[in-house]
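**Student:** The structure is given below, and queries will be raised subsequently.
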Amino acid sequence: IYADPAKRLELYFRPKDPYCHPVCANRFPTSTMLLRVRRRSRKKKQLDSEEQTQPEVQFEMEILGIVTTVYKFQGMSDFQYLAMHSGPDGKQTSMYDKVLMLKPEKEEFFNRELPLYIPPPIFSRLDTPIDYFYRPDIQHRSGYNNPQVSGENLIGLSRARRPHNAIFVNFDDEEIPAKPLDAAVQTWKKVCTNPVDKKVEEELRKLFEVRPVWSRNAVKANISVHPDKLKLLLPYLAYYMLTGPWRSLWVRFGYDPRKHPEAKIYQVLDFRIRCGMKYGYAPNDMPVKAKRSTYNYSLPITVKKQVSHTVSVHDLKQGLGTAGASGAKKPPSSRYKLKESIYIFREGALPPYRQMFYQLCDLNVESLQKIIHRNDGTESECTERDGWCLPKTSDDLRDSMSLMIKQIIRSTRPALFSNTTSSEDCKEQLAYESGEDEEDEEEEEEDFKPSDGSENEMETEILDYV
């Protein structure tokens, strides 16, 4: 248990009973000392025999070591389920000698008639008490309508989903919206009550004038706006593409990228860093770590542990208030801004996440731009897979970007590539993989997690605006 920080220490009150449910202790870091204290007493000799002799007590202390980890039992003991059988007269009979096999038994042992005994696999999902605050009448906001109850949905929502009133467009839809919904206009006007919001609205308008198609991450990297207000502002100025080469992007009202060949530079590229032993490095050797891991998942019975705030000697020397730039509060003008690396790909730099959604114009590498502009002036048809680009353009871009990333990893960790093959072999190995065919890979994660939604960016935006 000590070797794995993710495990909890179990204490069994009946160790020989396999049906005993333990109490679990959580692991905490500490800095305490282990002391050995000896108490020595020696009686004093008194000259007067009538007086009682008082012992002389001495304490000896010795530091044995430093304790860095402790386990605290903070939860309650779970229910206990004994292997018992209730007879017709209500008498309880133990079944341990009948269900426990303590030695090799003959076939007759397994063919005996016994009462049905099926212990439950789990009792309590939590080992700490929880207060349930039942509210008989929920106070909904104005305009709330109870959801329609049908045979498929008998349980209604606890509250109405916040309306964001976005317009979704598929690639095969004939018409595109020219203006926002009236509800989107009213919602934004309702929250746009201060000069900062009006300034943000003007900044976003200018962005869409310069470039008619934007991703939400690209907007966040250029404008400092609270994410909840951005959810209301985007449907006011743009519509959302669900499918096609501009999927998961926001397009200015009235602009149809399917009719403008120059819009190919705004198409989206789903790029995923390739890893595996065939590329010379395992997933654990990658400089870009995965966002989620099975080791980070907490069991339902786990007590939530507070993050330890340990202070190092370096912090004490530098001062807790000015420990560095990370501790300083960001100015309001850039409080919600993301870094440019969240949407721009540059040669010599690793992406922040293993999966990224890039627009083609944000691939700031000359060789990649040459691949994109191979058919400039000869675009004839806009397809759902390749848009205005030549077929397999996305695959060529992914192969080139993967080679660039492999070169970066090779330069930083050359030991991983001591036995790798030539560059031509690497190209053949890298060419097999297409990011669009890997539906089980991780999706892009943002610095700000939305209040309602999933970790999949596209699914999150759809849920936010439905």
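The values are calculated or read from the model by the stated rules, or taken from the named source; none is laboratory data. Just so we're clear, the structure is a prediction, and the values are computed from it rather than from any experiment. Please note: Cβ atoms are built from the backbone with ideal geometry, for glycine as well, and neighbour counts cover all protein chains shown. Please note that ligands, DNA and RNA were not included when accessible areas were found on the heavy atoms of the full protein model with its side chains. Shrake-Rupley method; radii C 1.70, N 1.55, O 1.52, S 1.80 Å.
**Student:** Restricting attention to the stretch 55-64, does a residue exist that is among the hydrophobic types (A, V, I, L, M, F, W, C), modelled with pLDDT under 90 and over 60 Å from the mean Cα position of the chain (by Cα)?
**Tutor:** Pass one, the stretch 55-64, residues among the hydrophobic types (A, V, I, L, M, F, W, C): 57, 59, 61, 63-64.
Narrowing further to those that are modelled with pLDDT under 90: 57.
From the residues that got through so far, the ones that are over 60 Å from the mean Cα position of the chain (by Cα) too are none.
For the stretch 55-64, residues among the hydrophobic types (A, V, I, L, M, F, W, C), modelled with pLDDT under 90 and over 60 Å from the mean Cα position of the chain (by Cα): absent.
**Student:** Which pairs do you get when a residue that is under 11 Å from Leu368 (Cα atoms), found in the stretch 393-407, comes within reach of a residue that is open to solvent by 10 Å² or more (accessible area, probe 1.4 Å) and assigned to a helix (DSSP H, G or I), reach meaning Cβ atoms under 6 angstrom, with the pair 6+ apart or on two chains?
**Tutor:** Asp396/Ile371; Leu397/Ile371
**Student:** For the stretch 170-185, give me the residue count where each residue is surrounded by 11 or more Cβ atoms within 10 Å (Cβ to Cβ) and assigned to a helix (DSSP H, G or I). Reasoning before the result, please.
**Tutor:** Start the filter on the stretch 170-185 by keeping residues that are surrounded by 11 or more Cβ atoms within 10 Å (Cβ to Cβ), which leaves 170-171, 173, 176-177, 179-181, 183-185.
Now restrict to residues that are assigned to a helix (DSSP H, G or I): 183-185.
Result for the stretch 170-185: 3.
**Student:** Within the stretch 363-373, track down each residue that is open to solvent by 10 Å² or more (accessible area, probe 1.4 Å) and either touching a residue at least 24 places away in the same chain (Cβ under 8 Å) or within 14 Å of Gln267 (Cα to Cα) (or both). Can you show your working first?
**Tutor:** Just the residues of the stretch 363-373 that are open to solvent by 10 Å² or more (accessible area, probe 1.4 Å), to begin with: 364, 366-367, 369-371, 373.
Result: Ser367, Gln369, Ile371, His373.
**Student:** A follow-up question, please. If you check Asp137 against the conditions, is it open to solvent by less than 100 Å² (accessible area, probe 1.4 Å) and modelled with pLDDT under 90? First the steps, then the outcome.
**Tutor:** On the way: open to solvent by less than 100 Å² (accessible area, probe 1.4 Å): no; modelled with pLDDT under 90: yes.
Spelling it out, it is not the case that Asp137 is open to solvent by less than 100 Å² (accessible area, probe 1.4 Å) and modelled with pLDDT under 90.
**Student:** A follow-up question, please. Please verify whether Phe28 is open to solvent by less than 50 Å² (accessible area, probe 1.4 Å) and either at pLDDT 90 or above or of a type in the set (D, E, K, R) (or both), treating the condition exactly as stated.
**Tutor:** Values: open to solvent by less than 50 Å² (accessible area, probe 1.4 Å): yes; either at pLDDT 90 or above or of a type in the set (D, E, K, R) (or both): yes.
When the stated conditions are applied, Phe28 passes them.
**Student:** Additional query: Looking at the stretch 105-134, which of its residues are loosely packed, with under 10 Cβ neighbours inside 10 Å and aromatic (Phe, Trp, Tyr)?
**Tutor:** Phe110, Tyr132, Phe133, Tyr134
The rows are residues; the columns are (1) among the hydroxyl-bearing types (Ser, Thr, Tyr); (2) at pLDDT below 90; (3) on the phi > 0 side of the Ramachandran plot; (4) surrounded by fewer than 21 Cβ atoms within 10 Å (Cβ to Cβ).
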site: Pro235; (1), (2), (3), (4): no, no, no, no
site: Gly244; (1), (2), (3), (4): no, no, yes, no
site: Lys278; (1), (2), (3), (4): no, yes, no, yes
site: Ala282; (1), (2), (3), (4): no, yes, no, yes
site: Ala290; (1), (2), (3), (4): no, yes, no, yes
site: Tyr295; (1), (2), (3), (4): yes, yes, no, yes
site: Val303; (1), (2), (3), (4): no, yes, no, yes
site: Ser308; (1), (2), (3), (4): yes, yes, no, yes
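**Student:** Which residue pairs have Cβ atoms under 8 Å apart, sit 6 or more places apart or on different chains, and have a first residue in the stretch 376-392 that is open to solvent by less than 80 Å² (accessible area, probe 1.4 Å) and a second that is aromatic (Phe, Trp, Tyr) and assigned to a loop (DSSP other than H, G, I, E, B)?
**Tutor:** What qualifies is Glu379/Trp388; Cys382/Trp388; Gly387/Trp246.
**Student:** Within the bounds of the stretch 352-366, is there any residue that is of a type in the set (D, E, K, R) and closer than 30 Å to Asp173 by Cα? Give the steps one after another, and end with the answer.
**Tutor:** At the first step, the residues of the stretch 352-366 found to be of a type in the set (D, E, K, R) are 354, 362, 366.
Going one step further and asking which of them are closer than 30 Å to Asp173 by Cα, we end up with 362.
Yes.
**Student:** Let me ask something else about it. Which of the numbered conditions does Phe79 fail, given that it passes all the others? Conditions: (1) closer than 23 Å to Val23 by Cβ; (2) without any contact (Cβ under 8 Å) to a residue 40 or more places away in the chain.
**Tutor:** All conditions pass for Phe79, except number (2).
**Student:** Considering every residue within the stretch 11-18, establish whether at least one is under 26 Å from the mean Cα position of the chain (by Cα) and open to solvent by less than 80 Å² (accessible area, probe 1.4 Å). Steps first, please.
**Tutor:** First, pick out the residues of the stretch 11-18 that are under 26 Å from the mean Cα position of the chain (by Cα): none.
No, every residue in the stretch 11-18 fails to be under 26 Å from the mean Cα position of the chain (by Cα) and open to solvent by less than 80 Å² (accessible area, probe 1.4 Å).
**Student:** Residue check, Lys231 against (1) without any contact (Cβ under 8 Å) to a residue 12 or more places away in the chain; (2) in contact with a helix residue (DSSP H, G or I) (Cβ under 7 Å, 6 or more places away or on another chain); (3) charged (D, E, K, R), all met but one. Which one?
**Tutor:** (1)
**Student:** Just to be sure, is Leu102 open to solvent by less than 100 Å² (accessible area, probe 1.4 Å), more than 44 Å from the chain's Cα centre (by Cα) and of a type in the set (A, V, I, L, M, F, W, C)?
**Tutor:** On the way: open to solvent by less than 100 Å² (accessible area, probe 1.4 Å): no; more than 44 Å from the chain's Cα centre (by Cα): yes; of a type in the set (A, V, I, L, M, F, W, C): yes.
The answer is no for Leu102.
**Student:** Sort through Lys449, Lys370, Lys427, Lys406 and tell me the only one that's modelled with pLDDT under 85 and either in a helix (DSSP H, G or I) or over 30 Å from Tyr336 (Cβ atoms) (or both).
**Tutor:** The unique qualifying residue is Lys427.
**Student:** Turning to a different aspect of this structure: Taking Asp399 and the conditions (1) outside any helix (DSSP H, G or I); (2) acidic (Asp, Glu); (3) modelled with pLDDT of 85 or more, which numbered condition does it fall short on, given that it satisfies the others?
**Tutor:** (1)
**Student:** Take Lys206 and decide whether it is under 29 Å from Arg258 (Cβ atoms), in contact with a helix residue (DSSP H, G or I) (Cβ under 8 Å, 6 or more places away or on another chain), part of a helix (DSSP H, G or I) and among the basic types (Lys, Arg). Spell out the reasoning first.
**Tutor:** On the way: under 29 Å from Arg258 (Cβ atoms): yes; in contact with a helix residue (DSSP H, G or I) (Cβ under 8 Å, 6 or more places away or on another chain): no; part of a helix (DSSP H, G or I): yes; among the basic types (Lys, Arg): yes.
For Lys206, the condition - under 29 Å from Arg258 (Cβ atoms), in contact with a helix residue (DSSP H, G or I) (Cβ under 8 Å, 6 or more places away or on another chain), part of a helix (DSSP H, G or I) and among the basic types (Lys, Arg) - is not met.
**Student:** Right, Trp188: at pLDDT 95 or above and either on the phi > 0 side of the Ramachandran plot or open to solvent by less than 60 Å² (accessible area, probe 1.4 Å) (or both) or not?
**Tutor:** no
**Student:** Let me ask something additional. Could you list, in sequence order, the residues of the stretch 65-91 that are outside any loop (DSSP other than H, G, I, E, B) and at pLDDT 90 or above? Walk me through how you get there before you give the answer.
**Tutor:** At the first step, the residues of the stretch 65-91 found to be outside any loop (DSSP other than H, G, I, E, B) are 65-72, 84-86.
Those that are outside any loop (DSSP other than H, G, I, E, B) and at pLDDT 90 or above: Gly65, Ile66, Val67, Thr68, Thr69, Val70, Tyr71, Lys72.
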